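Colleague: Sharing a structure with you now.
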Amino acid sequence: MALGPDHPTIAIRLNNLGRLLGELGDLKGARDYLERAVDIASKSLGEEHPNTVLIRRNLESLPK
């Protein structure tokens, strides 16, 4: 089964990749993945959905 580019599962996968890149020290890459994940989750799940909130927290927790 193929998932579209804005499917909520894609947001979760991008979140996971973003967190991994952050742990590896690639903050720009992490930020790129997490920003895309937040965008997808917000549109497909809504701003208040627990997954959207979690992904947004992961993005906000990255060092500036």
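The values are calculated or read from the model by the stated rules, or taken from the named source; none is laboratory data. Just so it is clear, the structure is predicted and the values come from calculations on it, not from any experiment. Here Cβ is always computed from backbone atoms with ideal geometry, including for glycine, and neighbour counts include all displayed protein chains.
Colleague: Condition first: within 17 Å of Gly46 (Cα to Cα) and assigned to a helix (DSSP H, G or I). Now tell me which residues in the stretch 1-13 satisfy that.
Modeller: Result: Pro8, Thr9, Ile10, Ala11, Ile12.
Colleague: Ok, one more. Being surrounded by fewer than 20 Cβ atoms within 10 Å (Cβ to Cβ) and modelled with pLDDT of 95 or more narrows it down to one of Leu20, Leu3, so name that one.
Modeller: Details: Leu3 fails: modelled with pLDDT of 95 or more.
Answer to the check: Leu20.
Colleague: Would you confirm whether or not the stretch 20-31 contains a residue that is of a type in the set (D, E, K, R), within 9 Å of the chain's Cα centre (by Cα) and assigned to a helix (DSSP H, G or I)? Talk me through it step by step, then tell me what you get.
Modeller: To start, the set of residues in the stretch 20-31 that are of a type in the set (D, E, K, R) comprises 23, 26, 28, 31.
Imposing the further condition that a residue be within 9 Å of the chain's Cα centre (by Cα) reduces the set to 31.
Imposing the further condition that a residue be assigned to a helix (DSSP H, G or I) reduces the set to 31.
There is at least one residue in the stretch 20-31 that is of a type in the set (D, E, K, R), within 9 Å of the chain's Cα centre (by Cα) and assigned to a helix (DSSP H, G or I).
Colleague: Out of the residues in the stretch 29-58 that are among the polar types (S, T, N, Q) and out of contact with any Asp or Glu (no Cβ under 9 Å at 6 or more places or on another chain), which is surrounded by the most Cβ atoms within 10 Å (Cβ to Cβ)?
Modeller: Quick first cut of the stretch 29-58, residues among the polar types (S, T, N, Q) only: 42, 44, 51-52, 58.
Add one more test, that the residue is out of contact with any Asp or Glu (no Cβ under 9 Å at 6 or more places or on another chain), and what stays is 42, 51-52, 58.
On the way: Ser42: 16, Asn51: 16, Thr52: 22, Asn58: 19.
Once the filter is applied, the top-ranked residue is Thr52.
Colleague: While we're looking at this one, here's another question. Would you pick out the residues in the stretch 37-64 that are without any contact (Cβ under 8 Å) to a residue 24 or more places away in the chain, basic (Lys, Arg) and in a helix (DSSP H, G or I)?
Modeller: Hits for the stretch 37-64 are Arg56, Arg57.
Colleague: The conditions are (1) in contact with a Ser or Thr (Cβ under 7 Å, 6 or more places away or on another chain); (2) surrounded by 13 or more Cβ atoms within 10 Å (Cβ to Cβ), and Asp26 fails exactly one of them. Which is it?
Modeller: Against the list (1) in contact with a Ser or Thr (Cβ under 7 Å, 6 or more places away or on another chain); (2) surrounded by 13 or more Cβ atoms within 10 Å (Cβ to Cβ), Asp26 comes up short only on (1).
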